[in-house]
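As structure tokens, the structure follows; a few thoughts come after it.
Every read-out reported here was derived from the displayed coordinates using simple, explicitly stated rules and does not represent laboratory data. All of these numbers come straight from a predicted model, not from anything done at the bench. Positions of Cβ are generated from backbone atoms using ideal geometry, with glycine treated the same way; all protein chains shown enter the neighbour counts.
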Amino acid sequence: MRSFASFPMAGVVHVLTNTAHGRKTMRKWIALCIAVGCALAASVLQAQTWPQRPVRVIVPYSAGGLSDTQARVISERLSAAFGQQFLVENRVGATGAIAAEYVAKSPADGYTLFWATTPQVSIVPLIQKVNYDPLKDFAPVSIFGKNTYVLAVHISIPAKTLKEFIEYVRAHPGQLSYSSAGTGSAGHLSAALFTSRAGLTMTHIPYKGVQAATDLVGGQVQMYFGPAADLIQHSKSGKIRLLAVSGGKRAPILPDLPTIEEFYPGFRADTWNGLMAPAATPKRIIDRIAQEVARATRDPGVIERLNKIGVEAYANTPAEFAALIRSEAPQWRDAVNAAGIKQE
């Protein structure tokens, strides 16, 4: 058996412990190692015993909206699964940037989660300066739902299909307009990307919120990209026509509508809602939440509740969520460029 003195570090230890300065240095190293070890042990213990108090879910939109409704559905499920309350807290402002920044700067202990949506992660940082990095400041947990956007036109447009609509707009360059819920909104960027890919010239008219859909129904504008649930209700009035969906596959709620990607390969402009945590949150906590989200999206009751608001129940792993965010970046950058938006 080799003696201690024969190991490479033995000489270093001997030198350090053979002088007063060396012994002092050695004590510092030992104290540091103990501190690091204790911190690691505390982190592991925290992850194992989490949650011991209510968890806040920070939502970047007002109560009662599409995103808020989804957040409350999953919060109910997580509360039941973990035996602690998951409390929805609405922090509105700056297109969700205020909520995102708040969570990014919160303790990474699993007690503050961000109800993230596509705009805060992939769009807002491209069009305005924000005090957070969507890739570095958050740990993706899981998506909970995919929001289907629908291309709708006013009934006065003599087009029954997307192909006919494209031909009609080309025959009337610059004479038609489309509405959105605001400059830089997902609906605006979806429409801008579509008109760019199709080579169409249309005028964008930004609104604030639901008035964008109301004026489509009234005929003040001719096209609008909006959430499926809202437009399905409006289509029942017979004043608008639904032509296509913006996702990568046909929507379960509207199986007969084609995707725009069927005409323009690579076109995708659907959005998602999901949970993210501050970047340094223990992986064990993140994985536990992700597992419960996945379980919830397989529940028939949850699926039905989401379908009623035009949302597809969907979950992925933290790694898949992170990969999705990276893969979507180019498409939203193209959409911002197509809309001619410059960062503020």
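Can you list residues from other chains, or at least 5 along the same chain, whose modelled amide H is less than 5 Å from the amide H of F86? Result for F86 returns V55, S79.
Here the Karplus relation 6.51 cos²θ - 1.76 cosθ + 1.60, evaluated at θ = phi - 60°, turns the backbone of the range 282-288 into coupling constants of x, 4, 4, 5, 4, 5, 5 Hz, with x for every Gly and Pro. Amide H contacts of G145 (H built 1.01 Å from N, in plane; Pro and chain starts excluded): N273, Y314 sit under 5 Å, all sequence-distant by 5 or more or on other chains. For the chain, the Stokes-Einstein estimate of translational diffusion at 4 °C and a viscosity of 1.567 mPa s comes to 58 µm²/s, using the Kirkwood hydrodynamic radius over alpha-carbon pairs.
Fully extending the segment from A279 to A322 would add 14.3 nm, taking 0.36 nm per residue of separation and subtracting the current Cα-Cα distance. In the chain, the longest principal axis of the Cα atoms and the axis of helix 162-171 are about 70 degrees apart.
Taking the Cα centre of the range 202-344 as the origin and placing charges on Cβ (Lys, Arg +1; Asp, Glu -1), which of A294, A213, N307 is farthest toward the positive end of the dipole? Farthest towards the positive end: A294. Each part reduced to its alpha carbon centroid, the range 190-231 and the range 273-344 end up 25 Å apart. For the chain, the relative contact order works out to 23 percent when only alpha carbon pairs closer than 8 Å and six or more residues apart are counted.
Answer with one residue from Y168, L113, G187: the one whose Cα lies farthest towards the positive end of the charge dipole of the range 58-190, charges on Cβ with Lys, Arg +1 and Asp, Glu -1. Result: Y168. Each residue of the range 55-61 was assigned a 3J(HN,Hα) from its phi angle through the Karplus expression (A = 6.51, B = -1.76, C = 1.60, θ = phi - 60°), giving 10, 8, 10, 8, 9, x, 10 Hz with x at Gly and Pro. The count of lysine pairs in the range 149-262 with alpha-carbon distances below 25 Å, taking only pairs 8 or more places apart or on different chains, stands at 9. Here is the list for the range 237-266: trypsin sites (Lys or Arg not before Pro) lying in DSSP coil, each with at most 15 other C-beta atoms within 10 angstrom of its C-beta, are K239, K249.
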